[in-house]
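See structure below.
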Amino acid sequence: NICHAGRTTFVLLDANCAANPKVLSARSQLVRQLRKQGAHVHVLDLPAGKGINGPDDYVGVMGDQAMTQVFEDTAEGAKILNEIACFIRRFMRMAESQVIAVTLWCAHTYAAEAAIWTPYLAVTSAEKRCGKSRLLEVVSFLVKKPWSTSSVSAASLFREVDQMQPTLLLDETDPLFKADKETAQAIRGILNAGAHYKGVVSRIVRQGSAMKNKNFRAFCPKALGGIGSLPDTVADRSLPIKLKRKPLGEKVERLRERFVEPLAKPLRQSLANWITKKLPTLQDAQPDLPEELNDRQQDGAEPLLAIADAAGDDWPEKARAALCGIYGTHPADDTSIGIQLLGDVRLIYYEDVTDKIPTTELLEKLWKAETSPWAEWNHGKPMTASGLSKLLRPFEIFPKTIRIGTGTAKGYERAHFEDAWSRYLPQNSPILPSPPSPAVTPSQNSVNVGMDHFSTRNTDPNVTGSESETSPISMRVVTA
């Protein structure tokens, strides 16, 4: 059931249907279609009650006053998030997508108990004085139970997170990850485990004269600031906020605590009160997740999008656009050296439009890639054939004897790469052209390799008919 209030389209689902997976799937597709038509969509799961058999009965039994309260609650959430975003803009110069993401993350710190995953806020820059510490300081005025530190031992980190469940604001992470091996591995361990609500790290601790195993809870919201990139496993769990130094002459307000705290306190209280009312909704939320994001990114985006959907107004749409933009610009670090090699090899096949390349020729082309390390791979020397084979072996790609003209040579066939390309490289990368047609007609299995059939994704003719795709959004529509 769909109704409208101002600029927002409300999709109403009664409690009797809320547990039906088919209904939830159909609702997600309906919401996605409405958003494509430009609607500001807000999903409401209506409560069950005596004599209430559906959305229409809810309005009839509970009256207009109940629906008015629902609309007012929605407007309250959008208003609070807008105020949080304005507060951040006063002290930071950031892209608008970054402001939206940080705003939702601040709200998430109050709703983490309702989430399965928590996305880390990875605040990085290429150089110092780009605003990393300033952003963590701004965030500390807005989040729940902030714990700010730039130097911490593994034992202290384990115990504080386990006992207090704070919002960890960990600055200057680059020296921490370069510390002695034991400390760096311990800190990385709690960060790897702490993105999931069941995450723990296990250590042997002394209790009196006995030594016992203890599982330390690792789950809590975390923001990490540092120069350069984070370890791959940590970056993969993070929402990347990459900052740049502001141009000369560009000014922001100074952050003086005695002036800022009186402004931030009512914002924190309003945010905490609103999230508390929305916790049941957030706990059961199943927000529509952008297909452009990979599985790990969707895990991190889910609690943020649940908050955006609960806030309503234009937050659902701009939250999805912001997260797709941020993750698209800084992918959750799939830039391991093996994946970088796969990408460079695919580009070579893309440019040469061929189905096989000798090893010597492939190496020469890799050495010429200006943004890749292959020309100085081994202590300043170029990558060798054995080095290439070693990196490709984990992907089950091996050199073989191939025919080139009238002769033969060791090399690689394009067909052997296609499975790894489809699994490990981004879907929005350039689609490779088909190789030149050989003399013999290829088997049908290779006709559609590498193609994405977007037209057939998530379409269900039973969700909405062709009329609903073109009907004006301002009309009242009742769906079966």
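The values are calculated or read from the model by the stated rules, or taken from the named source; none is laboratory data. Keep in mind that this is a model prediction, so the values were computed, not measured. Cβ atoms come from the backbone with ideal geometry, glycine included; neighbour counts cover every protein chain shown. When the accessible area is computed, the model is the full protein with side chains, heavy atoms only, and any ligands, DNA or RNA have been set aside. Shrake-Rupley method; radii C 1.70, N 1.55, O 1.52, S 1.80 Å.
The slack between GLU257 and ALA272, meaning 0.36 nm per residue of separation minus the straight C-alpha distance, is 3.3 nm. Summing Lys and Arg as +1 and Asp and Glu as -1 over all other residues whose Cβ lies under 13 Å from the Cβ of SER153 gives a net charge of -1.
Please give me, ordered by residue number, the trypsin sites (Lys or Arg not before Pro) of the range 350-416 that lie in loop per DSSP and have at most 13 other Cβ atoms within 10 Å.
LYS368
Annotation for ALA375 and ALA210: the two label points, set 7 Å from Cα along the Cα-Cβ direction, are 6.4 nm apart. Counting other Cβ atoms within 10 Å, keep those with at most 10, restrict to DSSP loop, and tell me which GluC sites (Glu not before Pro) in the range 170-250 are left. Taking the range 170-250 and a limit of 10 other Cβ atoms within 10 Å, the loop GluC sites (Glu not before Pro) found are GLU250. Across the range 68-179, counting alpha-carbon atoms alone, Rg and Dmax equal 15.8, 57 Å. Look at the Cα gyration tensor of the range 198-330: its axes a ≥ b ≥ c give a/c under 1.5, and that counts as rounded. Using a probe of 1.4 angstrom and keeping all protein chains present, the accessible surface of the range 184-343 works out to 49 square angstrom per residue. In a solvent-free Debye calculation with one equal scatterer on each Cα, what is log10 I(q)/I(0) for the range 257-317 at q = 0.15, 0.16, 0.27, 0.30 Å⁻¹, listed in the order of the q values? Result of the Debye calculation: -0.58, -0.64, -1.08, -1.20. For the range 295-390, GluC sites (Glu not before Pro) meeting the loop criterion (DSSP other than H, G, I, E, B) and having at most 16 other Cβ atoms within 10 Å: GLU370.
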